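First the structure, in the form of C-alpha cells, and then the observations on it.
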Amino acid sequence: MNTTWKAFVTAAVLALPAITHAADDALVKRGEYLAKAGDCIACHSAPHGKPFAGGLQMTTPMGAIYSTNITPDPDTGIGRYSEDDFRHAMREGVAKDGHNLYPAMPYPSYAKVNDDDMHALYAYFMNGVAPVKQANRESDIKWPLNMRWPLKLWNLVFLDNGVYQNKPDKDVAWNRGAYLIQGLGHCGSCHTPRGIAFEEKALDESSNAYLTGGVLENWFASNLTGEHNTGLGRWSDADVAQFLKTGASRHASAFGAMTSVINNSTQAMTDADVAAMARYLKSLPAAGGSGGPAYAYDAKATKVSLTRPANDAGARVYTAYCMHCHGVDGRAFAPMLAPLAGNPNVLEKDATSLINVTLNGTEDLVIGGIPAPYPMPKYASVLNDQQIADVLTFVRAGWNNGAPAVGAADVAKLRKATQAAR
Ligand code: HEC
Ligand code: HEC
Ligand code: HEC
C-alpha cells in the first residue's frame, strides 16, 4: 500500500464513527419528533416528575393504574428491551417479561405505526432519553380483576393489529393524515366512544362510530366528524390546523384533556403534518350528533335577557361572572377568548366538559413557551351547584344554541368526582 492510499484509509476510518454518528443523530431526531406525534410524555411522566419516568395515575373502570418508566434505565426502565421487545409492547401490548399491558397504553392505535417509524422511536428511547432510576408502581386494582391473562382474550377480540395500509384511491396528504390520526396520534382513544369492555368502538373511518366523541376522565372529547352542530362541519381545514397548532380557532378553544395534547404534541408537528391531519378529519362524513337543524347565529333573545338579567337566574350569573370575557354577543374575542355562541362543545348533548371547565378551569395552554394570557377561571369555590347549572343552562339556550338544560345534580356529581381526583 502506498502512503497516499494509507493516509486515505486512515482518514476514512477516523471519519467513520463521525459519519455513523451523524446518521444516528438524524434517526434519533426523527424518533424524537415521532414521540411527540405519539404524545408519549403526557402519560409516561407524573406531574413535576422526570420526563418518561412514568408514575402518572390513570383511572380505569376497575381502579387506578400507573404508567411505567420508559427511560433507558436497565433496571427500572426499558434499557434491556430489544427493538423486537419494544415493537411487541407498542403493537401487541406485551411487556418484555411477557405480561399483558392494560389498554390504557394505546397499543391498539400504535399497532398501525410502520417499521421505519418504530425503528426511529426505538433509537430515540435508547439514545435520546436520559435514563432515570425510578421503580414502577403496582396498580390499585384488586384481585381478581388485576389478573392480566384475560387481556389476552381482550386482544383476540379487539386488537386489529396490522400496520396502516395506504388507500390507493386517496391522495398522499389524506393517507398521511389517516396514518397520524389513527396511529401515533391515538386521537380515537379519547374521541371514539368506548364499549362495555373499555374497547374503542372503532379504530378507523370504516365504522361511523369512529371519532364521534366520548367521555374519558371527566371530559367529553368532542365529535370530530363532519357533523354540523357538534362536530367539525362548520370548520374549514385551516380552522382545524390552527386549532391543532395554537389551541384555538374562531369556533372553540382547547381545554381539559385536549390542552396537554396541544401543549406536548400537535403544536410541535410540521405544518404539512398538521394540514394532513386536518384534511383527513375534514373528509369524515357527519356522524353522531342529534340530527337537529343546522346552527344559525341569533343574538336577539339573549341580548334582551342580558339587559334585564334579574328575571333569569342564569343571566344573572352570566352578567356577573362570565360576560366580561365571553361577551354580550357570546362571540367573545375568538380565537383569544373562546366563543360560546355556536361552540360545538356548548351544543353537545353531553355537558360533562362544560360543567368540568366551569368548576375547575383548565390547565394552561402553553404555545411556543408562552402561557395563555386569560385562561378560564375556576368557579368551584365561587358558585354553588345550582348557580353553575343555571348559567350553563342559560349559555346552552342562548344565541340560538338550542342545547338541553343542565341540572344541579349533574354539577354535584362532577364536583365530587373531580375534587376527589385532586
Ligand atoms: C394514554 C396514555 C399513554 C400514552 C399516550 C403512551 N403510553 Fe405507554 N403505557 C401507558 C401505560 C398506562 C402503561 C403501563 C400499562 C400496564 O402497566 O399495564 C404503558 C406501558 C408502556 C410500555 C411497556 C413498558 C413496561 O415495561 O411496562 C412501553 C414500552 C410504552 N408504554 C411505550 C410508549 C411509547 C413509546 C409511547 C409514545 C409513542 C407511549 N407509550 C404512549 C400509557 C400510555
Ligand atoms: C387525552 C384525550 C384526548 C386526545 C388523545 C385527543 N383529544 Fe382532542 N379533545 C379532547 C377533549 C376533552 C376535547 C374537548 C375540549 C376542547 O374542545 O378542547 C377535545 C377537542 C378537540 C378538538 C376541538 C373540537 C371542538 O369542537 O371544539 C379537536 C379539533 C381535536 N380535539 C382534535 C384532536 C386530534 C386531531 C387528536 C389526535 C392528534 C386529539 N384531538 C387527541 C381530548 C383528547
Ligand atoms: C378571564 C376570562 C374568562 C371568564 C371570566 C370566563 N371564561 Fe370561560 N373561558 C375563557 C377562556 C380563555 C376559555 C378557553 C379555554 C382556556 O384557554 O382556558 C374559556 C372556555 C370556556 C368554556 C369552553 C368553551 C370552549 O371553547 O369549548 C365554557 C363553557 C366557558 N368558558 C364558560 C364560562 C362561564 C359559564 C363563565 C362564568 C361563570 C366563564 N366561562 C367565565 C375565559 C373566561
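The values are calculated or read from the model by the stated rules, or taken from the named source; none is laboratory data. A quick note: this is a predicted structure, and the numbers were derived from the prediction, not measured. Virtual Cβ from ideal backbone geometry, glycine too; neighbours counted across all protein chains shown.
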Residue in the stretch 390-405 that is nearest to ligand 2 (Cβ to nearest atom), counting only those that are buried (at least 24 other Cβ atoms within 10 Å of the Cβ) and among the β-branched types (Val, Ile, Thr): VAL395
Some residue of the stretch 97-111 being farther than 30 Å from ALA417 by Cα, in a loop (DSSP other than H, G, I, E, B) and without any contact (Cβ under 8 Å) to a residue 24 or more places away in the chain: yes
Matching residues, the stretch 270-289, being under 18 Å from TRP235 (Cβ atoms) and assigned to a loop (DSSP other than H, G, I, E, B): SER283, LEU284, PRO285, ALA286, ALA287, GLY288, GLY289
Set LEU151, LEU156: member being surrounded by 16 or more Cβ atoms within 10 Å (Cβ to Cβ), over 24 Å from ALA37 (Cβ atoms), free of Cβ contacts under 8 Å to residues at least 60 places away in the same chain and of a type outside the set (D, E, K, R): LEU151
Among the candidates THR246, THR266, residue that is within 14 Å of ligand 3 (Cβ to nearest atom) and farther than 20 Å from ALA209 by Cβ: THR246
Among (1) more than 15 Å from ligand 2 (Cβ to nearest atom); (2) at pLDDT below 95 - the single one LYS133 does not satisfy: (2)
Residues satisfying the stated conditions in the stretch 345-363, i.e. within 15 Å of the chain's Cα centre (by Cα) and more than 9 Å from ligand 2 (Cβ to nearest atom): GLU363
Test for GLU199: is it acidic (Asp, Glu) and either at pLDDT 95 or above or farther than 30 Å from LEU359 by Cβ (or both): no
Identity of the residue in the stretch 43-62, within 9 Å of ligand 1 (Cβ to nearest atom) and modelled with pLDDT of 95 or more, that ends up nearest to the chain's Cα centre (by Cα): CYS43
Residue among ALA268, ALA338 that is aliphatic (A, V, I, L, M), in contact with a His (Cβ under 8 Å, 6 or more places away or on another chain) and closer than 30 Å to GLY38 by Cβ: ALA338
Qualifying position, being polar (S, T, N, Q), buried (at least 19 other Cβ atoms within 10 Å of the Cβ) and not assigned by TED's automatic domain parsing to the domain that holds CYS43, among GLN165, GLN182: GLN182
Flag for ILE65 being of a type outside the set (D, E, K, R), at pLDDT below 95 and touching an Asp or Glu at 6+ places or on another chain (Cβ under 8 Å): yes
Any hit, the stretch 371-394, residues being without any contact (Cβ under 8 Å) to a residue 24 or more places away in the chain, in contact with a helix residue (DSSP H, G or I) (Cβ under 6 Å, 6 or more places away or on another chain), within 11 Å of ligand 3 (Cβ to nearest atom) and within 22 Å of SER260 (Cβ to Cβ): yes
Residue within the stretch 130-148 that is buried (at least 20 other Cβ atoms within 10 Å of the Cβ) and of a type in the set (A, V, I, L, M, F, W, C) present: no
Residues (surrounded by fewer than 19 Cβ atoms within 10 Å (Cβ to Cβ) and within 16 Å of ligand 1 (Cβ to nearest atom)) located in the stretch 215-263: VAL215, LEU216, GLU217, SER260
